[in-house]
1. Taking the stretch A:318-332 as the region of interest, how many residues are within 10 Å of another protein chain (Cβ to nearest Cβ) and surrounded by fewer than 20 Cβ atoms within 10 Å (Cβ to Cβ)?
2. Can you tell me which of (1) part of a loop (DSSP other than H, G, I, E, B); (2) more than 10 Å from chain B (Cβ to nearest Cβ) is the one residue A:346 doesn't meet?
3. Of the residues that make up the stretch B:165-187, is at least one at positive phi, touching a residue at least 12 places away in the same chain (Cβ under 8 Å) and either within 13 Å of another protein chain (Cβ to nearest Cβ) or outside any helix (DSSP H, G or I) (or both)?
4. Could you tell me which of the residues B:217, B:244, B:180 is surrounded by fewer than 18 Cβ atoms within 10 Å (Cβ to Cβ) and under 20 Å from the mean Cα position of the chain (by Cα)?
5. Got a sec? Which of A:294, A:220 is in contact with a helix residue (DSSP H, G or I) (Cβ under 8 Å, 6 or more places away or on another chain) and modelled with pLDDT of 95 or more?
6. Can we say residue B:13 is in contact with a strand residue (DSSP E or B) (Cβ under 6 Å, 6 or more places away or on another chain), within 14 Å of chain A (Cβ to nearest Cβ) and within 30 Å of residue A:90 (Cβ to Cβ)?
7. Specify which of the listed residues (A:336, A:313) is closer than 24 Å to residue A:363 by Cβ and more than 11 Å from every other protein chain (Cβ to nearest Cβ).
8. Return the residue satisfying two criteria in turn: it lies in the stretch A:349-368 and is outside any strand (DSSP E or B) and within 12 Å of chain B (Cβ to nearest Cβ), and of such residues it is surrounded by the fewest Cβ atoms within 10 Å (Cβ to Cβ).
């Protein structure tokens, strides 16, 4: 048996018991809410995790890059939504991939509609809608929303999948109630636009929403009237940001960075570990937070019994992390990342553990 | 001929003319200063760049991880300093690598000396000294500095290479003069400690210093008395932080991220591009700066003729970047990163260009 206490650091540790519980919980929640689950795989970038999501009933997957789409297509996933506004410099790859699997694109501009039309081949397309984040997506109140939906619905080539949104502003919520309100507003905007379009004679086959804070804050008893699918991603691992948002507890967090103390100056109230910006990412975490990762009280593998020590990473350079507590050289520490998606993308593999035992290694497909 | 105007985005573009000029300039400067150059390869992680550094006279290379050390060893580099405090959980890999090449370690603790001694094999070791950054390294005024140097010099197994420091606080300098003063202080501290140790009968074979701001701010006519080698790394590409520090001009910056506008809401003063946190990194750049990347006025390949447009990336999520200017969907933009080392580490390859022509693709060895 390989133990978590012996492996080289830095390493990214995935707690399999925690992952499985998180997967089951979200599958049950979407089932209770009456929507299908199309999980966003950008958080884990891992075939073994996606296979477990599929086994629990996921109806297709979501990806953030064409690279991810190709990887999952190569591993037997046949229904993939690329939930990023289609990049017009990559249409050759889109065509190649759409010939192999059901690839679903998203867009919010006439330029993108025209470019896809010009390919003269059937392509699934969602219309991206801005439900309040104001990042991308059409304004649901604007004439453009109607015009673009009509262009898609009436296209001789494009297949209109429906309306899709990501209420990313749920991450700005200051309480579970505020986040639940954002989630309900997301639903209301999307269902409302779908009704308006149907009133104009446009068939809207589906309505897709979802973020981990929104899905977590929504009560089990909520009604998702008008919504057909949800696309949360971060829930597989959560992270310190989700703890701060109330989406989960510390013991629900599925990935941690295992690090070693490499330097401590006698008398100093800090030490240096081998987890810097290229292990943690430089994500600042929840608003007003002043750290890059929270140090656990023990360095075992499982987060199931984990409590935070109160020490944290206070600054990062490329490979150096500064921990604001005086641990001796050689001490092994487990660190909870601020943002698991960005942390995972810095590693090539997960050390998969049950408790303190390393039971597997899973590849992280972090290409571009 | 493949043109930079046709390639898929996002892409990391390396301007070969700029790189070559940067390499020649630093080689000439270290020669003029009378020190050898052992460039830090953590910035580029690229065999082709390191080969050019070697051809211009580099005396060995510096790396930040054992992975980098292995990659360069596999590609014919035989003298490698791992300039990170030796990680005690990775001594098996250290032994394996030290059997293949001249691997030079650094340390600053009795625990590390003891762990290396216990391997009972000849290993090259530098003593890391804190010349003012207060990150890692022994306090040069402390008894520990003398004790550790003596332990290394008198070890039956370890080979004492000398004193090594990184004056990372040169990045905090507010003017070229302040940075030059930090660099001179770095020299003074290191040369002073070497003399003190020699006075105690300890042979100090070499003294290694270096950061790109310090090496850039130092006048050609400076004297590096007491110093034998310099280890700058970032100078191969520079970045917006180095421009702000006065280390270089915008036209000396060697890597940029090529991105496409994917979404723009009519009337908005911003747009969305396909360069988010996993293209740029979330490095905040120079102190007080409020952006994640500066947009060039034109999207050609060469930075040699480049000027900044004034627009910048104002926020980043995983794959989305927000540019604070209303470019239409499909527009191609070139973005100058805040921190080239972290940006490079997000990509798998460089598109190598001369002017607008793509002349090669070089692998980025970004494993861990």
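The values are calculated or read from the model by the stated rules, or taken from the named source; none is laboratory data. Nothing here was measured: the structure is a model prediction, and the numbers come from that model. Neighbour counts run over all protein chains shown; Cβ positions are idealised from the backbone, glycine included.
1. The qualifying residues number 3.
2. (2)
3. To start, the set of residues in the stretch B:165-187 that are at positive phi comprises none.
No, that holds for no residue.
4. Numbers: B:217 fails: surrounded by fewer than 18 Cβ atoms within 10 Å (Cβ to Cβ); B:180 fails: surrounded by fewer than 18 Cβ atoms within 10 Å (Cβ to Cβ).
None of the other options fit; the residue is B:244.
5. A:294
6. Details: in contact with a strand residue (DSSP E or B) (Cβ under 6 Å, 6 or more places away or on another chain): yes; within 14 Å of chain A (Cβ to nearest Cβ): yes; within 30 Å of residue A:90 (Cβ to Cβ): yes.
So residue B:13 passes the test.
7. So the residue among A:336, A:313 that is closer than 24 Å to residue A:363 by Cβ and more than 11 Å from every other protein chain (Cβ to nearest Cβ) is A:336.
8. A:367
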